[in-house]
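Everything on this sheet refers to the single structure shown next.
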Amino acid sequence: MLVISLMVTSIFSQSISKPEDFFGFKPGTDRMLFTYEKLVDYLKVLDNQSDRLKLIEIGTSPMGKPIFMALISSEQNIRNLDRLKDINKRLALDYLLPEADRSGLVNEGKVFVYATLSMHSSEVAPSQALPLIAYDWVTSNEPSKLEILNDVVYMVVACHNPDGMDMVVDHYNKYKDTKYESTTLPGVYHKYVGHDNNRDFIVLTQTDSKAISEITSTSWLPQVMVEKHQMGSTGARYFVPPNHDPIAENIDPKLWTWNGIFGQNMINDMTAKGLTGICQHTLFDNYWPGSTETCLWKNVISFLTEAASVQVAKPIFVEPTELSVWGKGLSEYKISANMPAPWPGGWWRLGDIVQYEIESTNSILNTASIYKDRILTFRNDICKSDVKRGQNQAPYYFIVPENQQDKSEMVELVNLLKEHGVEVSRLSNDFTLNGINYKKGDIVVSLAQPFRSFIKEVMEPQKYPERHYTPGGELIEPYDITSWSLPLHKGLKSIQIDTRNLDFEKQIEKINGKFTLANNKENFEYAILTSTSNQSYKLVFEALNNSIKVDRCANEFDINGVKVPAGSFIIKKQDKLIELLKTSTFPIVYVDNIPSINLNPVPLPRIALVESYMHDMDAGWTRYVLDSYAIKYTQLRPKDFETTELSKNFDIIIFPDEDASILKDGKTKRGEQYFQSNLPPEFSKGMGTKGFESLMNYIALGGTVISWGESTALFEGALTIKDKTTSEEFRLPFRNDGDQLAKKGLECPGSLVKINVLGNHPISWGVPKTIGIFYRGAPAFSTSIPNFDMDRRVIGFFEEENTLLSGYLKNEKLLYNKSALVWVKKGKAQFVLMGFSPIFRASSAGTYKLLFNSILLPKIQ
């Protein structure tokens, strides 16, 4: 019978298209790449030809491409996917599952291994390897692989970032066979966020992130997840788990040990295949959520792999003398516990990376098969233990009062948590808990849930776990940021409750469906959109785009017992407005008349958004936020300044966080040295002397500049305005002391820090007196008494102590009396200078209004 079965399988495999026949080359061949569409076409062929593969669409990319996931398993498992999917949900979420039922589900169930490939699109190999991996598994008649196919369902997203994949492949093919073949794609390899797509898995702003997250949060609920990446070219060849310290303290320890099992099996299996240069316990920590591996906080055994890169698809030769290591876990490029078999150097090719991807994938699937019953049992064990901890260990609940300054962000928070698979409830009656009176309608998030670790991680303030290389020695710095608390980043009040109250639990009701606080009406004369709600600004810009007149009040006023804050918007009723307001999610003030107050019409400004070609992610995030709030703009590249009549076309120019030397000179400057970009020459030009003169003339004619982060250096120091006959030198009355503070010991690696805000100023309308800004320690401004036609106001400044709200901040007193937000004027020109990104990765909604108000800043008459 076995011989007959193998013969049938062999004949069957002959009828399945080989990758090299379909693409015209073997994937991994030097300097050969296929596009996303061709990859999907091949998977569709396999779907038609094999009963072991099913291709499903799981979402849409930001630029409209369908995102596909291939499920690869035995023929019987593919036929039985609906049942197996249901078993996944029962094991992941049913904390009351009886042992007898669970035993049956574990026996019947399969381990689902979820892989996402090439989210960073210059890291091409994982997606290029997929056709070979898929073909091997759908055609193999090896008994060991057939056993794995019986135990495991491999669910692989063909490419996490379809838009970027095509951008990179098209760019490579355009310059292939020229000296620019190895150049970098100009701009970001995504509609908006580029490399930062791996920082989006808490806030879930991008449609590709949403599609990927849904698989682990609410739909398929796999037990294992791997994210496939590439890294630099001159170090280790391949990284596998475990990670380096620090690791997240909210994660169940057994998840870390499972990561270790998969990683140890990978390094063992790959080394046995003759692959060298594999490392672990190095480079990558696992402290912060935000990457695709955020599902680790949802009890998925989650990890990444990283392969050494080539020049996209072009081979590289690495001299043995060029091999080096850096950072965590490896101090020398030599035989060590963390890299037992170093790669000796030599030629490194795309095909080498593809082979590492094939062998690492085979190892992961084999490990999942070996431990099938234990993994499935563990998934339900950790579900039950998380719920039990939520019932017996503080914190027990987070309460988010409905009475927030920005109710629209509270609605966003509730719906985001629900999107993450978190159950969210509301108080059905007033209740006094621990001496505090909570109101009917207040939001309650119980921690007695299967995703307890995730809830705690994103709802509490962060405290960076300080770990050192040696006792009392150098601090291990974080790989990325140190703060991500959703309530704090949204500017919301949230209360952690550390005592359980059963009577309180009887007063909460689960929120089903989409949550809203909208109070839509059609019988009114005026709608008042309060300046304290972010969504007010979106509705205002949508109204202006539809030629609806909008007025703004300069002072606070009372109407019908409601206190309307300064900066709120008043719009007279019309049919288009009624339809527009139906999209609101927060309470709008509807009235029949407006008292006699000072109202100013809101103009629709003409905005230029400056974005370099140097993978300018903060500018990309800014585009995303502006698009999300219906704020129209023109993208302006630095080289465009020389040929654009700025004053005739723009009222406002926005400079996001980008190195000023890149913007001005097209090169990175470190000290006195410039470093050339790896872009084709037509994309490597900065503003240049003439372009910067054009910017200065824009200022002379009364333009407005909004700048934050490193770009503020453009406006620091000696500046010159020239025309045909005169030249004026000047210095704006501010300077950046960030470098000096760093030398004195200030450390702030991406934290939420408190500033005081000047009240009753158009930039701060709708903003509380103290707010949290996402801050990296610089810029930190000092101002001075101005001269000539200049002036300044400090809008936001640091206190002496208690500055840290979430994350890590060392030597905070150095920030005392420094400014984070300054308004400066020269003549009729205005500058809004921020030492922080007000839109950081679309995750700092608590400071969005500072940008929106700056955009709507009244002109100086």
Compute the relative contact order of the chain as a whole-number percentage, counting only Cα pairs closer than 8 Å that sit 6 or more residues apart in sequence.
10 percent
With a 10 Å radius around each residue's Cβ, average the other Cβ atoms per peptide and rank 815-827, 664-676, 838-850, 308-320, highest first.
838-850, 815-827, 308-320, 664-676
Taking the simple approach of a point 7 Å from Cα along Cα-to-Cβ for both K510 and N434, what is their distance in nm?
2.6 nm
At 7 Å along Cα-to-Cβ for each site, give me the label-to-label distance between E728 and T668 in nm.
3.7 nm
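Grab the Cα-Cα distance for N697 and I370, subtract it from 0.36 nm times how many residues apart they are, and report the gain in nm with one decimal. Can you show the working numbers first?
Details: separation 327, 0.36 × 327 = 117.72 nm, distance 6.97 nm.
Full extension from N697 to I370 adds 110.8 nm.
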Take the stretch 638-760, drop everything but the C-alpha atoms, weight them equally and run the Debye formula without solvent; then report log10 I(q)/I(0) at 0.13 Å⁻¹ to two decimals.
-0.66
Taking the Cβ-Cβ separation of D480 and E319 as r and a Förster radius of 41 Å, what is the calculated FRET efficiency to the nearest 0.05?
0.85
Contour minus Cα-Cα distance for E57 and Q393 (0.36 nm per residue)
116.9 nm
In whole angstrom, how far apart do the alpha carbon centroids of the stretch 656-671 and the stretch 787-817 sit?
25 Å
Just how much of K174 is accessible, in Å², when a 1.4 Å probe is used and the result is rounded to the nearest 10?
130 Å²
What list of ³J(HN,Hα) couplings, whole Hz, do you get for the stretch 334-351 from phi and the Karplus terms 6.51, -1.76, 1.60, once you set θ to phi - 60° and write x for glycine and proline?
8, 4, 7, 4, 8, 8, x, 9, x, 6, x, x, x, 6, 10, 10, 4, x
How big is Rg to Rh over the stretch 455-589, alpha-carbon atoms, Rh as the Kirkwood inverse-mean-distance radius?
1.15
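Leaving out ligands and nucleic acids, note down the accessible area per residue over the chain with a 1.4 angstrom probe, in whole Å². Kindly include the intermediate steps, with their values, before the conclusion.
On the way: 33730 Å² over 861 residues.
Here the per-residue accessible area is 39 Å².
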Beyond a 22 Å Cα-Cα separation, which of these cross-linked pairs lie in this structure: K769/K818; K65/K145; K648/K690; K174/K210; K514/K573; K667/K690?
K65/K145; K174/K210; K514/K573
Heavy atoms only, probe 1.4 Å: what % of the accessible area of the stretch 451-575 goes to carbon and sulfur, would you let me know?
44 percent
With a Förster radius of 56 Å, plug the Cβ-Cβ distance of D30 and R606 into 1/(1 + (r/R0)^6) and report the FRET value to the nearest 0.05.
0.70
Kirkwood Rh, the chain, all Cα pairs: how many Å?
29.1 Å
Taking a quarter of the surface of the convex hull around the Cα atoms of the stretch 721-861, what do you get in nm²?
9.8 nm²
Enumerate the whole-percent occupancy of each 10 Å bin, from 0 to the last occupied one, for all C-alpha pair distances of the stretch 601-641.
28, 51, 18, 3
Karplus-derived 3J(HN,Hα) from phi for the stretch 56-69 (6.51 cos²θ - 1.76 cosθ + 1.60, θ = phi - 60°), whole Hz, x at Gly and Pro, runs 10, 8, 10, x, 10, 6, x, 9, x, 7, x, 9, 10, 10
Heavy atoms only, probe 1.4 Å: what % of the accessible area of the stretch 128-209 goes to carbon and sulfur, would you let me know?
51 percent
Quick one: Karplus J couplings for the stretch 259-272, per residue in order, coefficients 6.51, -1.76, 1.60, θ = phi - 60°, nearest Hz, x for Gly and Pro?
4, x, 5, 5, x, 5, 5, 5, 5, 5, 5, 6, 5, 4
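Given 0.36 nm per residue, what is the gain on full extension from D177 to K810 after removing their alpha carbon distance, in nm? Walk me through the numbers on the way to the answer.
Values: separation 633, 0.36 × 633 = 227.88 nm, distance 5.07 nm.
Between D177 and K810, full extension yields an extra 222.8 nm.
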Can you pull the one-decimal nm distance between simple spin-label points at T207 and E466, each 7 Å off the Cα toward Cβ?
4.7 nm
Distance between the C-alpha centers of the stretch 64-119 and the stretch 696-716? Whole Å please.
54 Å
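Using per-residue counts of other Cβ atoms within 10 Å, averaged over each peptide, order 282-292, 492-502 from highest down.
Numbers: 282-292: 22.5, 492-502: 15.4.
Most protected by this proxy first, the peptides run 282-292, 492-502.
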Relative packing of 120-129, 91-100, which averages over residues the other C-beta atoms within 10 Å, highest first:
120-129, 91-100
Mind listing P(r) for the stretch 268-425? All alpha-carbon pairs, 10 Å bins, whole percents.
8, 23, 28, 18, 15, 7, 0
Ignoring ligands, DNA and RNA, what percent of the accessible area of the stretch 758-861 is carbon or sulfur (1.4 Å)?
50 percent
Reduced Cα scattering model of the stretch 153-286, Debye log10 I(q)/I(0), q = 0.10 Å⁻¹:
-0.46
Straight-line reach check, K813, cutoff 19 Å on alpha carbons, 8 or more apart in-chain or any other chain, hits among aspartates and glutamates -> D737, D739, E747, E799, E800, E801
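What does the C-alpha gyration tensor say about the overall shape of the stretch 305-346? Classify as rounded when a/c is under 1.5, otherwise prolate if a/b is larger than b/c, or oblate.
Numbers: a/c = 2.14, a/b = 1.61, b/c = 1.32.
Because a/c hits 1.5 or more and a/b exceeds b/c, the stretch 305-346 counts as prolate.
Given R₀ = 56 Å, FRET efficiency for A742-Q76 by Cβ-Cβ distance, to 0.05? Intermediate results must be reported in sequence, preceding the final value.
Working: r = 61 Å, r/R0 = 1.09.
Efficiency for this residue pair is about 0.40.
The values are calculated or read from the model by the stated rules, or taken from the named source; none is laboratory data. Note that the structure is predicted; figures quoted are calculated from it, not measured. No Cβ is skipped: glycine too gets one built from the backbone with ideal geometry, and neighbour counts run over all protein chains shown. To get the accessible areas, we keep the full protein, side chains included, count just its heavy atoms, and leave off ligands, DNA and RNA. Shrake-Rupley method; radii C 1.70, N 1.55, O 1.52, S 1.80 Å.
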